[in-house]
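For reference, the structure is listed below as structure tokens.
The values are calculated or read from the model by the stated rules, or taken from the named source; none is laboratory data. Only a predicted model underlies this, so the values are computations on that prediction, with no experimental measurement involved. Cβ atoms come from the backbone with ideal geometry, glycine included; neighbour counts cover every protein chain shown.
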Amino acid sequence: MRFIHLLLLALHTSTLCFSSSFSGPLLEQDERGLLRDHCQLVAEAAQRAYTRINQHWSYPDAAIAEKGSTTSPYWTLEDELFLLVPNKTYFAEIAQNGPIDFCAAFNSLLDSPAQLECRLAMQVSKIMCTCALLGEDSFNKLARSIWEDVHAKEEEQFFLEVLSEKFWGHAPVPQRSAQLIGRSLYIANVSDYVTRFPKGSFRGHNLMCVGLDLFMGFGDIFKNGPVSIEDVLKDLHRAYADTTLSFDKFLLRQGLAQREYALYSMTGVLDVRGIRDFKETKQLAIAHDLPEDSEASHRSQASSSL
């Protein structure tokens, strides 16, 4: 019960948590079983991905520069938006010898020293989960299709966003803690953290639930494996660095900050129908259209969703 209590405080969504609604059609009985199976696979894949991320990545040193970096030859960073994008020169060289192996590109990214932030870590984690669900052949077909689309539109900077959100939707926090496994969520710090630490790296934690009250993310507290929601909240409390603010009072202020962002009160959950249909047909049912405010959204998220 303490886990649910802390999670509700963190998300501050008591009116949403016990809703049975979903951002898509209601699932049939067999689809609910498939969702449980897929979520377990996602939990395992996410833990593997985050273990590698925490082994090889670190946060950019804000005291020196805001610029991030990666040593993987497949990728480069757009400094203005803090977006990780494919290295078009390297991709073009590879393409001369055959289709691009995107599985290899993402494995290189995971295992190469880098200075990146937790929004990118979550995107890459979701992508590796998609790869685990589809298998390498189907995943490469998906990634190539999206790459060809954004490349033709000269919107390569949105490749990771589009690929990472393919087959993911949003839903309220489930009634039972076991149903949270395999879902993503964001836990915000208190609203004035950014005022106290304008270049700080603890504005919140992007998390993937990998077990009962077990979460993985990007940061020092995850280097030894999954942690509880209480550990996550205590990490944000510690980073706020106000010894006069008790943990209980911090939880109340954190809940208010969480409520300011509607999407932060939801969990990321798999689109099992989309995955099933793609596996069966190898065709994408939806074009890779970007929302009209994608660039504006990225500009704000690049500075606020660390």
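In table form, for the structure just shown:
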quantity: Residues that are surrounded by 20 or more Cβ atoms within 10 Å (Cβ to Cβ) and closer than 19 Å to Arg183 by Cα, drawn from the range 215-249; calculated: Phe215, Met216, Gly217, Phe218, Gly219, Phe222, Pro226, Val227, Ile229, Val232, Leu233
quantity: Any hit, the range 81-92, residues being crowded, with 18+ Cβ neighbours inside 10 Å, at pLDDT 95 or above and aromatic (Phe, Trp, Tyr); calculated: no
quantity: Residue in the range 219-232 that is under 20 Å from Met122 (Cα atoms), modelled with pLDDT under 90 and not hydrophobic (A, V, I, L, M, F, W, C) present; calculated: no
quantity: Unmet requirement for Val190, which otherwise passes all of (1) surrounded by 21 or more Cβ atoms within 10 Å (Cβ to Cβ); (2) farther than 16 Å from Arg253 by Cβ; calculated: (2)
quantity: Unmet requirement for Tyr90, which otherwise passes all of (1) of a type in the set (Ser, Thr, Tyr); (2) more than 20 Å from Leu207 (Cα to Cα); (3) touching a residue at least 40 places away in the same chain (Cβ under 8 Å); calculated: (3)
quantity: Flag if Phe158 is over 30 Å from His237 (Cβ atoms), crowded, with 18+ Cβ neighbours inside 10 Å and under 17 Å from the mean Cα position of the chain (by Cα); calculated: yes
quantity: Residue pairs meeting the criteria (Cβ under 6 Å; at least 6 apart or on separate chains; first in a helix (DSSP H, G or I), in the range 143-164; second among the acidic types (Asp, Glu)); calculated: Val150/Glu156; Gln157/Glu78
quantity: Residue check for Glu44: modelled with pLDDT of 60 or more and part of a loop (DSSP other than H, G, I, E, B); calculated: no
quantity: Strands (runs of 3 or more DSSP E) lying entirely in the range 181-234 (those with 2 or more residues that are touching a residue at least 60 places away in the same chain (Cβ under 8 Å)); calculated: 184-188, 204-211
quantity: Lone qualifier among Ser108, Ser138, Ser125 - being in a helix (DSSP H, G or I), at negative phi, touching a helix residue (DSSP H, G or I) at 6+ places or on another chain (Cβ under 7 Å) and surrounded by fewer than 17 Cβ atoms within 10 Å (Cβ to Cβ); calculated: Ser138
